[in-house]
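Chemist: Let me begin by handing over the structure; questions about it come next.
The values are calculated or read from the model by the stated rules, or taken from the named source; none is laboratory data. The structure presented is a predicted model; accordingly, all values stated were derived computationally and were not measured. We place every Cβ from the backbone using ideal geometry, glycine too, and count neighbours over all the protein chains shown.
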Amino acid sequence: MDDTRETIRQLLMRILQKNGDTRGFTDTDSLVLSGRFQSLDVLEVVVFLEERFGLDFSDGFDQSRLDSVEEILSFLRSGAHE
Amino acid sequence: MKFRLIPPLDQSPTVVAHCQRPLGRLAVLATFTLFLALLGDRWLVIGAFLALTAAFPRHRRSLVSACGILIAIALPDWLDLPFLDRLAAREGLSHLPQFAIRIVVAAVFALLAGLAALAFRFPRRLAARRPVLSAVLSFCALVAVVSMAPLTGWSRVAAWIAILAIARMLWFFCYTLTDRNSRDREPVPLQAGLWRPAWMAATASGTPFAKGAAYLRRIEAHTTEELAVTQIKGLKLLLWALFLRVGQLVFEYLIYRKLGIPEFEAAFSRSIAGHPFAWYWNCLSLAAAFLVSLLQMSVWGHEIIACARMSGFRALRNTYRPLESRTLAEFWNRFYFYFKELLVDMFFYPTYLRYFKKHPRVRMAAATIMAAGVGNALFHFLRDISVVAELGWWRAVAGFQTYLFYTFVLAAGISISQLRGKPKDDPSRSWLRRRLAPALCVTGFYCLIHVFDDTNRTYGLREHLVFVGRLFGL
């Protein structure tokens, strides 16, 4: 899970940097609800989760559940479909 | 130190600590209500609601829901009352009593609550799995049935009151339906109060500000410190809205009174009548109207979000520096955040996550067209559904051509913008090329298509295209 955590951190950092946001963030810092991530940024996370973990989001999802590194990990642990 | 018109009081530990004490909370509430009174209508009702949530923060969610339902029923002017009066007169009724409207609105709340309970009970049924599609199709079917059914007198008026009420609650209701699978979702009565949230008591808009219950759960202030910070941010936002409102009035006075730039409606009417103003007056008129609409949107959205913050929810602003946008997609996000979020949640994500998975560019374009094009048009058509009763289906749809064109151009523009991506923020390039030029292009695009941002059925697409021609001296 540590590898996954680091990979997700890197992904989120890359998205933030692309948006010109160079502020740091902890694993629990909010990115979606705080407005640092826009819908398209969340989409990048979704595509990553689809490709990397084979998740299927076609039944819909709540973007605020991908709000932080910790929330994404918790989303993965819960099987993503509750 | 950087000068700020409104000091960052929410970052001052002393102020935050003071605002957690009873006297501080009272001062914040009183100041907020005063600003609200200066800014607009319904300050007393909203002030009372905020006083209740401030007095009983532990019962915030119940109060939000109870007040939302009560205000929506007691003050039903979020419905198109002039249309209902005309309809009642046509049906031979001498007048339309408010209590009749209230009863029907209460019945609509009960009906939607029943449907939501069914969706929660059977989340895997087809209708619950495709909630937006089911809700929109059911609503259209209802309108079709009521339009064609041999209803007269009270029954026809009551049916249309119900239709108008559902139309204005539809997208809030869709957020409830999308919350059906959440483990920690609230029961239906608490969700029902968010179908006309109390912080939207002063507006008839059908756009779900602060989205639905799922979002509110995550942005609710849980400690007294969080609450104090959120409320101070609400107060600051409302003060900013006041400044913008004054700015708007001064701007309008200078532009229209002092400089004599014609108002957009006047310029457009002259164009239709065949006696247009000179092209530069038309351009100035359009630019002024566009800037005024930005200011109006900012003031309106800030007021609503400030109230949501004051009641204890850390909601993001609706409008945030749109003129700084460097892409068309970014402008949309910054200009009308909660409408964009609605379209993203209800149209963009479902399309993106279900179709064209092996074709990334097609996937993105299809999802954008569904949101900015189809969803946008659908939202506005259903919002003004009373037009169907007045003009009939064919004329209501045909008369919508101008706004359909607007959504088509908007969707095409945003799709291209998203496929191209954000321009690189290369520090070696000058500020003019890096920031100003893209921002001007984006603003110019939105300013130009503002001509077609017209949901009235008074003039057709041809007249709007002729006006665009006049902008270029044609």
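Chemist: Of the residues B:R102, B:R121, B:R130, which is within 14 Å of chain A (Cβ to nearest Cβ), farther than 26 Å from B:G392 by Cα and without any contact (Cβ under 8 Å) to a residue 40 or more places away in the chain? I'd like the intermediate steps shown before the answer.
Modeler: On the way: B:R102 fails: within 14 Å of chain A (Cβ to nearest Cβ); B:R121 fails: within 14 Å of chain A (Cβ to nearest Cβ).
Selected residue: B:R130, the only one of B:R102, B:R121, B:R130 that is within 14 Å of chain A (Cβ to nearest Cβ), farther than 26 Å from B:G392 by Cα and without any contact (Cβ under 8 Å) to a residue 40 or more places away in the chain.
Chemist: I'd like to verify a number: residues in the range B:192-224 that are within 10 Å of chain A (Cβ to nearest Cβ), of a type in the set (A, V, I, L, M, F, W, C) and assigned to a loop (DSSP other than H, G, I, E, B), how many?
Modeler: Final tally of qualifying residues: 0.
Chemist: Hey, among the residues in the range B:343-384 that are closer than 18 Å to B:L137 by Cβ and of a type in the set (F, W, Y), which one's surrounded by the fewest Cβ atoms within 10 Å (Cβ to Cβ)?
Modeler: B:F381
Chemist: So if I check each of A:T7, A:T22, A:T26, which one is in a helix (DSSP H, G or I) and either out of contact with any strand residue (DSSP E or B) (no Cβ under 8 Å at 6 or more places or on another chain) or more than 10 Å from chain B (Cβ to nearest Cβ) (or both)?
Modeler: On the way: A:T22 fails: in a helix (DSSP H, G or I); A:T26 fails: in a helix (DSSP H, G or I).
That would be A:T7, the only listed residue that is in a helix (DSSP H, G or I) and either out of contact with any strand residue (DSSP E or B) (no Cβ under 8 Å at 6 or more places or on another chain) or more than 10 Å from chain B (Cβ to nearest Cβ) (or both).
Chemist: Now a separate question. Right, B:T351: free of Cβ contacts under 8 Å to residues at least 24 places away in the same chain and touching a helix residue (DSSP H, G or I) at 6+ places or on another chain (Cβ under 6 Å) or not?
Modeler: Values: free of Cβ contacts under 8 Å to residues at least 24 places away in the same chain: yes; touching a helix residue (DSSP H, G or I) at 6+ places or on another chain (Cβ under 6 Å): yes.
So B:T351 fits the description; yes.
Chemist: Name every residue in the range B:434-454 that is in a helix (DSSP H, G or I), closer than 18 Å to B:V292 by Cβ and either under 20 Å from the mean Cα position of the chain (by Cα) or small (G, A, S) (or both), in order of residue number.
Modeler: Once the filter is applied, which keeps residues that are in a helix (DSSP H, G or I), closer than 18 Å to B:V292 by Cβ and either under 20 Å from the mean Cα position of the chain (by Cα) or small (G, A, S) (or both), the range B:434-454 yields B:G444, B:Y446, B:C447, B:I449, B:H450, B:V451, B:F452.
Chemist: Would you please name the residue that is farthest from the other protein chains (Cβ to nearest Cβ), looking only at residues in the range A:29-39 that are within 12 Å of A:L12 (Cβ to Cβ) and not hydrophobic (A, V, I, L, M, F, W, C)? Before you say what the answer is, go through the steps one by one.
Modeler: First pass over the range A:29-39, keeping only residues within 12 Å of A:L12 (Cβ to Cβ): A:29-32, A:36-37.
Now drop any that are not not hydrophobic (A, V, I, L, M, F, W, C), which leaves A:29-30, A:36.
Working: A:D29: 14, A:S30: 9, A:R36: 10 Å.
Filtering first and then ranking leaves A:D29.
Chemist: Give the range B:243-258 a look and list any residue that's touching a residue at least 12 places away in the same chain (Cβ under 8 Å) and of a type in the set (A, V, I, L, M), or say none. Break it down into steps so the answer makes sense when it comes.
Modeler: Initially, the range B:243-258 is screened for residues touching a residue at least 12 places away in the same chain (Cβ under 8 Å), giving B:243-245, B:247-248, B:251-252, B:255-256.
B:L244, B:I255, listed by residue number.
Chemist: To continue, here is another question. Could we say that A:L43 is away from chain B (no Cβ under 13 Å) and in contact with a Phe, Trp or Tyr (Cβ under 8 Å, 6 or more places away or on another chain) here? Spell out the reasoning first.
Modeler: Numbers: away from chain B (no Cβ under 13 Å): no; in contact with a Phe, Trp or Tyr (Cβ under 8 Å, 6 or more places away or on another chain): yes.
Here the answer is no, as A:L43 does not meet what is asked.
Chemist: If you check B:L36, B:L50, which single one turns out to be more than 24 Å from B:R217 (Cβ to Cβ) and crowded, with 16+ Cβ neighbours inside 10 Å? Steps first, please.
Modeler: On the way: B:L50 fails: more than 24 Å from B:R217 (Cβ to Cβ).
Exactly one of B:L36, B:L50 is more than 24 Å from B:R217 (Cβ to Cβ) and crowded, with 16+ Cβ neighbours inside 10 Å, namely B:L36.
Chemist: If you take the residues in the range B:310-331 that are over 17 Å from the mean Cα position of the chain (by Cα) and closer than 26 Å to B:T223 by Cβ, which one is nearest to the other protein chains (Cβ to nearest Cβ)?
Modeler: By that ranking, first place goes to B:R314.
Chemist: Would you check if there is a residue in the range B:322-329 being basic (K, R), part of a helix (DSSP H, G or I) and assigned by TED's automatic domain parsing to the domain that holds B:V299? Even if it seems obvious, please write down each step before you answer.
Modeler: Of all residues in the range B:322-329, those basic (K, R) come to B:326.
Next, only the ones that are part of a helix (DSSP H, G or I) stay: none.
No - not one qualifying residue is present in the range B:322-329.
Chemist: Counting only residues that are in contact with a Ser or Thr (Cβ under 9 Å, 6 or more places away or on another chain) and of a type in the set (D, E, K, R), which one in the range B:184-210 is surrounded by the most Cβ atoms within 10 Å (Cβ to Cβ)?
Modeler: Checked the range B:184-210; the qualifying residue surrounded by the most Cβ atoms within 10 Å (Cβ to Cβ) is B:E186.
Chemist: For residues in the range B:355-367 being assigned to a helix (DSSP H, G or I) and at the interface with another protein chain (Cβ under 10 Å from one of its Cβ atoms), which is modelled with the lowest pLDDT? Talk me through it step by step, then tell me what you get.
Modeler: The initial filter retains those residues of the range B:355-367 that are assigned to a helix (DSSP H, G or I), namely B:360-367.
Then keep just the ones that are at the interface with another protein chain (Cβ under 10 Å from one of its Cβ atoms); that gives B:360, B:363-364, B:367.
Numbers: B:P360: 88, B:R363: 92, B:M364: 92, B:A367: 95.
The selected residue is B:P360.
Chemist: What is the one condition in (1) outside any loop (DSSP other than H, G, I, E, B); (2) within 14 Å of chain B (Cβ to nearest Cβ); (3) modelled with pLDDT under 90 that A:E70 does not satisfy?
Modeler: If we test A:E70 against (1) outside any loop (DSSP other than H, G, I, E, B); (2) within 14 Å of chain B (Cβ to nearest Cβ); (3) modelled with pLDDT under 90, just (3) comes out false.
Chemist: So which residues in the range A:2-28 are over 22 Å from A:R77 (Cβ atoms) and surrounded by fewer than 14 Cβ atoms within 10 Å (Cβ to Cβ), if there are any at all?
Modeler: Selection gives A:R14, A:Q17, A:G20, A:T22, A:R23, A:G24.
Chemist: From the set of residues in the range A:51-64 that are within 24 Å of B:L126 (Cβ to Cβ) and of a type in the set (D, E, K, R), which is nearest to the other protein chains (Cβ to nearest Cβ)?
Modeler: A:D62
Chemist: Answer yes if at least one residue in the range B:388-403 is buried (at least 22 other Cβ atoms within 10 Å of the Cβ), in contact with a Phe, Trp or Tyr (Cβ under 6 Å, 6 or more places away or on another chain), modelled with pLDDT of 95 or more and within 12 Å of chain A (Cβ to nearest Cβ), and no otherwise.
Modeler: No, the range B:388-403 contains no residue that is buried (at least 22 other Cβ atoms within 10 Å of the Cβ), in contact with a Phe, Trp or Tyr (Cβ under 6 Å, 6 or more places away or on another chain), modelled with pLDDT of 95 or more and within 12 Å of chain A (Cβ to nearest Cβ).
Chemist: Filter the range B:34-52 down to the residues that are under 16 Å from B:A72 (Cβ atoms) and modelled with pLDDT under 95 and list them by number.
Modeler: B:D41, B:R42
Chemist: Out of the range B:332-354, which residues are more than 9 Å from chain A (Cβ to nearest Cβ) and either part of a loop (DSSP other than H, G, I, E, B) or modelled with pLDDT of 90 or more (or both)? Steps first, please.
Modeler: Of the residues in the range B:332-354, the ones more than 9 Å from chain A (Cβ to nearest Cβ) are B:332, B:334-336, B:338-339, B:342-343, B:346-347, B:351.
If the condition is that a residue be more than 9 Å from chain A (Cβ to nearest Cβ) and either part of a loop (DSSP other than H, G, I, E, B) or modelled with pLDDT of 90 or more (or both), then B:R334, B:F335, B:Y336, B:Y338, B:F339, B:L342, B:L343, B:M346, B:F347, B:T351 are the ones that fit.
Chemist: Further question: Can you spot a residue in the range B:416-431 that is over 27 Å from the mean Cα position of the chain (by Cα) and either in a helix (DSSP H, G or I) or closer than 30 Å to B:L164 by Cβ (or both)? Spell out how you get there, then give the answer.
Modeler: Step one: filter the range B:416-431 for residues over 27 Å from the mean Cα position of the chain (by Cα), giving B:420, B:423-431.
Going one step further and asking which of them are either in a helix (DSSP H, G or I) or closer than 30 Å to B:L164 by Cβ (or both), we end up with B:420, B:431.
Yes - at least one qualifying residue is present in the range B:416-431.
Chemist: Given B:I261, B:I304, which one is buried (at least 19 other Cβ atoms within 10 Å of the Cβ) and outside any helix (DSSP H, G or I)? Break it down into steps so the answer makes sense when it comes.
Modeler: On the way: B:I304 fails: outside any helix (DSSP H, G or I).
After applying the criteria, what remains is B:I261.
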